[in-house]
Amino acid sequence: MTTRALALLGRGPVPVETPIARADDAGLTRGDGIFETVHVRYGKPWQLDEHLARMAGSARTLGIALPPAGELAALIDDVLVDAVEDAEVAVKIVCTRGPDTGQAEPPTVFATMFDVSPAQLRGRREGVSVVSISLGVPADARNTAPWLLGGAKTLSYAVNMAALRHAASVGADDAILVSTEGEVLEAPTATVVWAADGALRTVPVDTGILAGTTASFLLERAGELGLRAEHARVRVDELAAADEVWLCSSVRGAARVTTLDGKPLGERGFTEGVQRILGFPL
C-alpha cells in the first residue's frame, strides 16, 4: 500500500514523508490506538458518518480522547484535496493515545490516502478462496470481557495480519476466524455475509465482532434481493451449505467466497444484485 497523501490534525496536508509521531507514541510502542478505513468515490467519502460513529465507539472502549467528528471530517477533506478525479481511493484515519509519558498527552491524529489494492479489486470481480482458522476464544468470550476490546477497531492488528499470511501460506486468498466451538466470527479485515433460507445474514455483534458498516448497508437493502435481513450465528459447516457467501468491507465492497476450506461454495445469482446495491466501481 503506497501512501499518496497525508494530512495531520491541526496542520492539514503535508508531504507524505513528514514525521507524524514521536518514538514513544503509544500507537507505535503498544498498538494503543484506533482507526477507520473509508472508501472514497470521486473525492466523496462513502458512509463517512457511519465510520466516524464507529470510531467514536472504539474510542470510548479504549478510553481515548478522540477529537470531534467535525474535525475528523475536515481532516479527511484535507487529505482528499487532490482526489476528485479518482474513480476510487481509500482513506485511513488514525488516532493513537499519544506519547507514552505517564502524563495526559493529546492524541496523535492523522489521515492517509491510498489506492485500492489490486488484490481487493480482483476479489471484488472474481471472488476469493477462504480457509477457516480458530481465533482461540469462545463465541461469547469478548462480549463478557471488555478488556478483550471486542467490537473496537484498534491498531493491534498483528493477529489479523498473521491470519492473512497463514491463509496465503496454504494457497487461499483470505481467512474466516472461528470460535473454539466452531462458530463463524469474522474475517481478519471483513465481515461475513451470507444468503440462506430466504434471508441475508451476518453474525451478531454480541460475539465481539466489529460491526460492519458495509454489511449493515447491505442488510438494510436485503429486500431489493428478495431476501429478509437477519443476524444469526452459524457454524462453518452450515456456512458451507449457504446459497452464497461474501466477505464485505469498506474498501473491497463484497467479494464472493468461491471456496471454503478447499470446497466450492454455492452461487445462486445474488452477487450481481449485491454489487449493484453497493455501487462499487468494478
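The values are calculated or read from the model by the stated rules, or taken from the named source; none is laboratory data. None of these values were measured; they are calculated from a predicted model. With ideal geometry, Cβ positions are generated from the backbone for all residues, glycine too; neighbour counts draw on all protein chains shown. Keep in mind that these areas ignore ligands, DNA and RNA; they rest on the heavy atoms of the full protein, side chains included. Shrake-Rupley method; radii C 1.70, N 1.55, O 1.52, S 1.80 Å.
Quick grid of which residues meet (1) among the β-branched types (V, I, T); (2) at pLDDT 95 or above; (3) crowded, with 16+ Cβ neighbours inside 10 Å; (4) assigned to a strand (DSSP E or B):
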residue	(1), (2), (3), (4)
L210	no, yes, yes, no
D237	no, yes, no, no
L247	no, yes, yes, yes
V251	yes, yes, yes, no
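Is at least one residue of the stretch 66-74 in a helix (DSSP H, G or I), within 22 Å of G12 (Cβ to Cβ), open to solvent by 60 Å² or more (accessible area, probe 1.4 Å) and not aromatic (F, W, Y)? Write out each step before concluding.
In the first step, residues of the stretch 66-74 are kept if they are in a helix (DSSP H, G or I); the result is 69-74.
Narrowing the set further to residues that are within 22 Å of G12 (Cβ to Cβ) leaves 69-74.
When the remaining residues are screened for being open to solvent by 60 Å² or more (accessible area, probe 1.4 Å), the result is 71.
Of the ones still in play, those that are also not aromatic (F, W, Y) are 71.
Looking for residues that are in a helix (DSSP H, G or I), within 22 Å of G12 (Cβ to Cβ), open to solvent by 60 Å² or more (accessible area, probe 1.4 Å) and not aromatic (F, W, Y), one finds at least one in the stretch 66-74, hence yes.
Any residue in the stretch 138-167 that is among the basic types (K, R) sitting within a Cβ distance under 6 Å of a residue that is open to solvent by 50 Å² or more (accessible area, probe 1.4 Å) and in a helix (DSSP H, G or I)? List the pairs, counting only those 6 or more apart or interchain.
Within 6 Å, the pairs are R142/L148.
So, L227, is that one of a type in the set (A, V, I, L, M) and surrounded by fewer than 21 Cβ atoms within 10 Å (Cβ to Cβ) or not?
Against the criterion (of a type in the set (A, V, I, L, M) and surrounded by fewer than 21 Cβ atoms within 10 Å (Cβ to Cβ)), L227 qualifies.
Check E220 against each of (1) of a type outside the set (F, W, Y); (2) surrounded by fewer than 21 Cβ atoms within 10 Å (Cβ to Cβ); (3) in contact (Cβ under 8 Å) with a residue 12 or more places away in the chain and name the one condition it does not meet.
(3)
All but one of (1) more than 25 Å from T61 (Cβ to Cβ); (2) in a loop (DSSP other than H, G, I, E, B); (3) of a type in the set (D, E, K, R) hold for R4, so report the exception by its number.
Among (1) more than 25 Å from T61 (Cβ to Cβ); (2) in a loop (DSSP other than H, G, I, E, B); (3) of a type in the set (D, E, K, R), the lone unmet condition for R4 is (2).
Mind telling me which of the residues G136, G102, G127 ends up being among the small types (G, A, S) and under 19 Å from C248 (Cα atoms)?
G127
For the stretch 24-46, which positions are of a type outside the set (D, E, K, R), part of a loop (DSSP other than H, G, I, E, B) and at pLDDT 95 or above?
Residues satisfying the conditions are G31, W46.
Take the conditions open to solvent by less than 20 Å² (accessible area, probe 1.4 Å), under 19 Å from G127 (Cβ atoms), part of a helix (DSSP H, G or I) and of a type outside the set (A, V, I, L, M) and apply them to T191. Does it pass?
Criteria not met by T191.
For the stretch 165-180, name all the residues that are surrounded by 14 or more Cβ atoms within 10 Å (Cβ to Cβ), over 8 Å from V131 (Cβ atoms) and of a type in the set (V, I, T).
Listed by number, the list holds a single entry, V178.
Tell me the strands (runs of 3 or more DSSP E) entirely within the stretch 85-138 that contain at least 1 residues that are closer than 17 Å to V38 by Cβ.
89-96, 108-114
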